[in-house]
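Input: a single structure, listed below in structure tokens.
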Amino acid sequence: MAAQVDSAFVRSVYDEALLNGHCYKRLGELCKTVGSRLSGSDNAEKGIRWGTAMLKSYRFDSVFTQPVMVPRWERGEVEELYFSSSVFNKKIKNQSLANYDCEAFEELPLKAVKQHKIPAVVLGGSVGTNGKITAGLVSVHSDKELDSLGKAGLLKGKMVLLNRAFPENLINTFAAYGSCVPQRVNGASKAVKYGAVAVLVRSMSNRCDLHAHTGVMMYADSLRKIPAMAVATAVANLLDQLSREDAGLRISMQLNCRTLPDRLSANVMAQSNGTKAPEKVIAFGGHFDSWDQGEGAHDDGAGCMHAFEALRILKAVGYKPKHTLRCVWWINEENGLRGATEYARKAAETGEKHIAALESDRGGFTPRGFGVDSAFLPVMNKYKSLLEPYGAGTIEKGGGGADIGPLRKFNSNVVLVGFIPDSQRYFDVHHAETDVFENVNKRELELGAAAIAVMIAILDQELE
Ligand SMILES: [Zn+2]
């Protein structure tokens, strides 16, 4: 094939992706035969073995792993959160729950009982409760409110519901996530300063439903560690209201999650060697680990399969890369970033030069385009019109990504590119039990892989 990215080449890439695609089938295998892949778990290791064997079956120039020590936090067997409220029970009896403004409530088993189970999951990294904790609840919607209630002594001995909701008027849901996620990551250490005994965090989602979304949380070293759970958005709304209406509202929590010693794991890689400058590498991929809710289908099984499929497509259409093209599945993005950190460190140590890196970690949704470093923007102007007929011609400034970011530390010239799919449904499933294969659309996933294959070829052609 002529080493040129033109409309015929782009067509051939999309034909291969859509008529002979492998990524959807492989994602299904990953989700259904391995499932979730929390760093340090046996399942993550099983997945790595599955992935290595799968990649080897395609006879790429090489398939290999890179050892990485990863943290090992376990959820434990006990994970319970209940509330008791006479006001709520009265509302059930009077059938006056319409106020709670969410259709998800139709799914709640509504009976006036002593304790109601709350759809909740402990946040990754949380300590356990060491027995049961029972306390009253205070709901806060901003750091400012947390500080003012805390300074007034109103959080002492309480559980705190960190209840800042996604700003729904933001078009990019990742921006909404970014504006709320600090309360999940740092909220426990903020609340403990005012004497809180535990935190509940509103799930990071646009949806009002009964699925809790987990994610990483961290403690300030100098402060006491208190447990932290995510509660489903619909329940956060309910608890918010009850915390104001019912002085007798009580929450009880019991958890036995724990942190074990680090464990040996690995990044997984497959590559096609460059024909002109094989010592220069273009890396592209996603993270292989996931949270233990669901199957890590969109986050980030999709990104891993995008990268594998892009490598496969370029080989299948006979593209001869100038540089080495490397599909990378980084481990431990979710709760440590150890895989990406070790990958970049090792590249610097061995003098392996990365000219570009691309990350797909926004799910397997319909592609819109790419975020690219500003230095590479003028180059992309030449190619925009080739991607536009496929709906992937939106080129934005800014090519970061958690897993490719560390490469920049050692090499300021590496061109970073982020794959940008449609973002409207990502946070419906992100880190929740609903992030399963059934929620990935075959065509959307394939279109993403094709767009990434084209982008990799552009980088390969344009960079020296
Ligand atoms: Zn992710």
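Assorted remarks:
- Charge tally for A340 (other residues, Cβ to Cβ under 10 Å; Lys, Arg +1; Asp, Glu -1): -2.
- As a proxy for reagent exposure, ranking M54, M253 by other Cβ atoms within 10 Å from fewest up yields M54, M253.
- Normalised by residue count, the stretch 79-256 yields a Cα convex hull volume of 110 Å³ per residue.
- Cross-link pairs K93/K132; K132/K190; K32/K353; K114/K158 - those with Cα-Cα distance over 25 Å: K93/K132; K32/K353
- Relative to the longest principal axis of the Cα atoms of the chain, helix 233-245 runs at roughly 20 degrees.
- Under the convention that each Lys and Arg Cβ holds +1 and each Asp and Glu Cβ holds -1, the size of the dipole of the chain around its Cα centre is about 900 debye.
- Magnitude of the charge dipole, the stretch 79-256, Cβ model with Lys/Arg +1 and Asp/Glu -1, debye to 20: 660 debye
- Global geometry of the stretch 353-458, whether rounded, prolate or oblate, following the gyration tensor of its Cα atoms and the 1.5 cut on a/c: oblate
- Global form of the stretch 276-317, assessed from the alpha-carbon gyration tensor, a/c cut-off 1.5: oblate
- Principal-axis tilt of helix 302-316 within the chain, Cα atoms, nearest 10 degrees: 10 degrees
- Magnitude of the charge dipole, the stretch 1-63, Cβ model with Lys/Arg +1 and Asp/Glu -1, debye to 20: 260 debye
- Packing-based ranking of 378-391, 350-363, 124-137 yields 350-363, 124-137, 378-391, ordered from highest to lowest mean Cβ neighbour count within 10 Å.
- Ranked H287, H430, criterion: other C-beta atoms within 10 Å, fewest first: H430, H287
- Farthest towards the positive end of the charge dipole of the chain, among the residues S189, S36, N441, is the Cα of S189, using unit charges on the Cβ of Lys, Arg, Asp and Glu.
- Order of W329, W50 - criterion: other Cβ atoms within 10 Å of each residue's Cβ, fewest first: W50, W329
- Take 393-405, 27-39, 229-241 and order them by the average number of nearby Cβ atoms within 10 Å per residue, most first; the result is 229-241, 27-39, 393-405.
- Overall, the ratio between the Cα radius of gyration of the chain and 2.2 N^0.38 Å, rounded to two decimals, is 1.04.
- Relative contact order (percent, whole number), the chain, Cα cutoff 8 Å, 6+ residue spacing: 22 percent
- Most to least packed among 178-187, 339-348, 270-279 [average Cβ atoms within 10 Å]: 339-348, 178-187, 270-279
- Each Cα pair under 8 Å and six or more residues apart adds its separation to the average, and for the stretch 79-256 the resulting relative contact order is 36 percent.
- Cα centroid of the stretch 145-220 to Cα centroid of the stretch 286-356, whole Å: 31 Å
- On Cα atoms only, tilt of 173-192 relative to the major axis of the chain in degrees: 50 degrees
- Rounded to 5, the percent of DSSP beta bridges in the chain classed as antiparallel: 50 percent
- Bridge orientation summary for the stretch 79-256: considering DSSP beta bridges with both residues in this region, about 50 percent are antiparallel.
Read-outs throughout are calculated quantities, based only on the coordinates presented, and are distinct from any laboratory measurement. Here the structure is a predicted model, which means the values were calculated and not measured. Cβ coordinates were reconstructed from backbone atoms using ideal geometry, including for glycine residues, and neighbour counts include every protein chain displayed.
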